[in-house]
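What follows is one structure encoded as structure tokens, with my remarks underneath.
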Amino acid sequence: DRAQIGVTGLAVMGRNLARNLARHGHTVAVHNRSYERTKALIEEFGHEGTFLPAETPEQFVASLERPRRVVIMVKAGAPTDAVIEEFAPLLEPGDMIIDAGNAHFADTRRREAALRERGLHFVGTGVSGGEEGALNGPSIMPGGSPESYEALGPLLEDISAKVDGTPCCTYVGPDGAGHFVKMVHNGIEYSDMQLIAEAYDLLRHAGGMEPAQIAEVFRRWNTGRLESYLIEITSEVLAHTDAATGQPFVDMVVDQAEQKGTGRWTVQIALDLGVPVTGIAEATFARSLSGSPDLRAAARNLPGPRASKVGDVDTLVADVEQALYASKIVAYAQGFNQIQAGSAEYGWNINPGAMATIWRGGCIIRAKFLDRIRAAYDADPNLPTLLVDDYFQQAVAGAQDSWRRVVTTAAQLGIPAPGFSTALAYYDGLRAQRLPAALVQGQRDFFGAHTYRRVDRDGSFHTLWAGDRREVAG
Ligand code: NDP
């Protein structure tokens with residue numbers, strides 16, 4: 001018997017994806033550059049389903065039914081290109097190579113175009129949920145040709161997470177669309193994590209609460225509108241006691257956040273597209289700031305404000321919940337705008353509501369809240385921003401007094417809250433009837449004769465700043 005699908009690259013993600021497929025009754029060919037990983041998989045988990053282990057790429061390809069479905073789950077970058085080059089010559093027109101690693105969408109576009117020329121389908125697929133998700137049901141974001149999705153979609157939907165019976169997997173769009181959406185997912189994840197971290201920091205330092213008490217607050221929030229995987233694990237991490245010292249675990253961890261690069265990619269691409277994803281940018285820069293120990297040591301004794309605590313802790317807790325919810329709405333609104341901008345730029349025709357749907361389960365940002373986003377885009381697929389959807393508009397309107405108090409409190413007490421602050425500034429920037437951008441245009445025209453448009457007449461204009469300050473056509 002031949003295998004319906006094969007997985008090459010059997011480190012933690014590939015192994016768990018292969019097990020997930022086998023546990024769902026599919027026959028899975030498995031291969032890894034070094035055979036030990038393949039052997040280990042069969043020894044430890046062979047009983048979970050039907051695996052066809054292969055020592056060589058040739059054996060692996062020969063064990064697959066047609067059209068062949070080859071999932072590559074190796075290190076992103078050059079290793080992915082090397083593995084594609086190893087397998088592509090062994091495949092035939094109509095076969096599919098599925099890159100389920102964390103590729104940059106521009107690489108996916110390049111690889112898809114090259115393999116299409118050779119008659120092969122290349123499916124760049126975002127997979128979220130970490131190793132646990134890969135095993136028990138991830139959120140899957142496949143790009144590529146619609147034909148490839150017909151042949152592959154049912155298998156992927158089968159092993160994806162389900163919410164209310166709906167799979168957390170759907171066709172995203174051509175070439176790099178799947179990896180683009182996965183990238184923005186990770187950017188939103190950065191933003192969400194930063195906002196939660198700021199909420200904790202304010203309760204800890206402005207409220208004077210202990211980690212265990214804050215864990216309780218998060219546990220309570222997780223029963224309401226903030227219910228999400230990230231809030232849930234936050235409460236677990238805060239409740240955890242370090243075994244060696246008996247101290248709160250969070251106090252024993254070096255306060256320098258690391259990053260593997262997807263947040264940075266999201267911001268880089270957002271800059272190119274001209275989409276203000278300020279929440280993701282601040283979250284990424286906050287990690288950079290935390291990870292600059294020399295800079296921080298040099299600045300440690302800079303003066304701060306005198307006050308250090310709020311008087312009314314209960315109000316602070318309620319306010320921070322509101323600020324967190326409002327800021328989170330802004331973060332997601334920005335991320336979805338980036339998806340829409342990418343979709344327009346590359347002609348992907350991505351359905352934003354469908355993305356909210358497949359993020360409801362399996363992935364790191366899974367949350368109850370995503371149902372609201374889906375509903376918003378169902379009601380109006382061309383929504384310019386989630387902030388103008390009725391539900392979100394009302395939620396933010398109800399939260400904004402608290403939100404403003406939290407940002408004010410943070411500033412007055414000298415507690416950094418870049419995520420909360422930038423979200424509020426974005427909200428107010430969007431709302432503004434007039435922005436000081438008019439002055440910026442005046443400055444640009446003054447020093448560079450860059451011209452400006454007028455509110456009362458069409459055309460572009462320039463003022464002769466160095467001369468008699470007459471206005472001329474630009
Ligand atoms: P790693 O990223 O650590 O990659 C290790 C695997 O890549 C091994 O199977 C290794 O083979 C193989 N490999 C590396 N270089 C080559 C090469 N030149 N030729 C052939 N094979 C090579 O594995 P993970 O399982 O952590 O991740 C796999 C992919 O999934 C990555 O792209 C990652 O970004 C992505 N991902 C990871 C998540 C996670 O939570 N870890 C979540 C979502 C996506 P060998 O055993 O022979 O060394």
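Given the conditions (1) small (Gly, Ala, Ser); (2) in contact (Cβ under 8 Å) with a residue 60 or more places away in the chain; (3) surrounded by fewer than 24 Cβ atoms within 10 Å (Cβ to Cβ), report the number of the one that ALA215 does not fulfil.
(2)
Residue by residue through region 133-172, note down the ones that are in a loop (DSSP other than H, G, I, E, B), in contact (Cβ under 8 Å) with a residue 60 or more places away in the chain, within 21 Å of GLY25 (Cβ to Cβ) and not hydrophobic (A, V, I, L, M, F, W, C).
GLY137, PRO138, SER160, listed by residue number.
Evaluate region 289-307: report whether one residue or more is at pLDDT below 95 and touching a helix residue (DSSP H, G or I) at 6+ places or on another chain (Cβ under 7 Å). Don't jump to the end; show me each part of the working.
Here is the first cut: in region 289-307, the ones at pLDDT below 95 are 306-307.
Adding the requirement that they be touching a helix residue (DSSP H, G or I) at 6+ places or on another chain (Cβ under 7 Å) leaves 307.
Yes - at least one qualifying residue is present in region 289-307.
For ASP99, which of the numbered conditions (1) charged (D, E, K, R); (2) within 11 Å of the ligand (Cβ to nearest atom); (3) surrounded by fewer than 21 Cβ atoms within 10 Å (Cβ to Cβ) fails to hold?
ASP99 satisfies all of (1) charged (D, E, K, R); (2) within 11 Å of the ligand (Cβ to nearest atom); (3) surrounded by fewer than 21 Cβ atoms within 10 Å (Cβ to Cβ) except (3).
If you go through region 116-132 one residue at a time, do you hit one that is part of a loop (DSSP other than H, G, I, E, B), surrounded by 24 or more Cβ atoms within 10 Å (Cβ to Cβ) and within 16 Å of the ligand (Cβ to nearest atom)?
yes
Which residues, taken from region 428-468, are touching a helix residue (DSSP H, G or I) at 6+ places or on another chain (Cβ under 8 Å) and in a helix (DSSP H, G or I)?
LEU430
Go through region 160-194 and give me each residue that's surrounded by 24 or more Cβ atoms within 10 Å (Cβ to Cβ) and in contact with a Leu (Cβ under 7 Å, 6 or more places away or on another chain).
CYS169, ASP192
Need the failing condition index for THR408 against (1) closer than 28 Å to ASP201 by Cβ; (2) over 26 Å from the mean Cα position of the chain (by Cα); (3) not in a helix (DSSP H, G or I), just the number.
(3)
Show me the helices (runs of 4 or more DSSP H) found entirely inside region 1-92 where at least 3 residues are surrounded by 23 or more Cβ atoms within 10 Å (Cβ to Cβ) and within 10 Å of the ligand (Cβ to nearest atom). Give the steps one after another, and end with the answer.
Numbers: elements: 12-23, 35-45, 57-62, 78-87.
Where helices (runs of 4 or more DSSP H) fall fully within region 1-92 and carry at least 3 residues being surrounded by 23 or more Cβ atoms within 10 Å (Cβ to Cβ) and within 10 Å of the ligand (Cβ to nearest atom), they are 12-23.
Restricting to region 308-353, give me the number of residues that are modelled with pLDDT under 95 and among the β-branched types (Val, Ile, Thr).
We begin by selecting, within region 308-353, every residue modelled with pLDDT under 95; these are 308-311.
Those left that are additionally among the β-branched types (Val, Ile, Thr): 310.
Number satisfying all stated conditions: 1.
For region 133-144, how many residues are over 24 Å from GLU92 (Cα atoms), surrounded by 24 or more Cβ atoms within 10 Å (Cβ to Cβ) and not hydroxyl-bearing (Ser, Thr, Tyr)? Give the derivation first.
Kept after step one, since they are over 24 Å from GLU92 (Cα atoms), are these residues of region 133-144: 133-141.
From what is left, the residues that are surrounded by 24 or more Cβ atoms within 10 Å (Cβ to Cβ) are 133-134, 138-141.
With not hydroxyl-bearing (Ser, Thr, Tyr) added as a condition, the list becomes 133-134, 138, 140-141.
The total comes to 5.
Condition first: among the β-branched types (Val, Ile, Thr) and either loosely packed, with under 14 Cβ neighbours inside 10 Å or assigned to a loop (DSSP other than H, G, I, E, B) (or both). Now tell me which residues in region 219-240 satisfy that. I'd like the intermediate steps shown before the answer.
At the first step, the residues of region 219-240 found to be among the β-branched types (Val, Ile, Thr) are 223, 231, 233-234, 237.
Answer for region 219-240, where residues must be among the β-branched types (Val, Ile, Thr) and either loosely packed, with under 14 Cβ neighbours inside 10 Å or assigned to a loop (DSSP other than H, G, I, E, B) (or both): just THR223.
The values are calculated or read from the model by the stated rules, or taken from the named source; none is laboratory data. All values reported here derive from a predicted model rather than from experimental measurement. Using ideal geometry, Cβ is built from the backbone for each residue, glycine included, and neighbour counts are taken over all protein chains shown.
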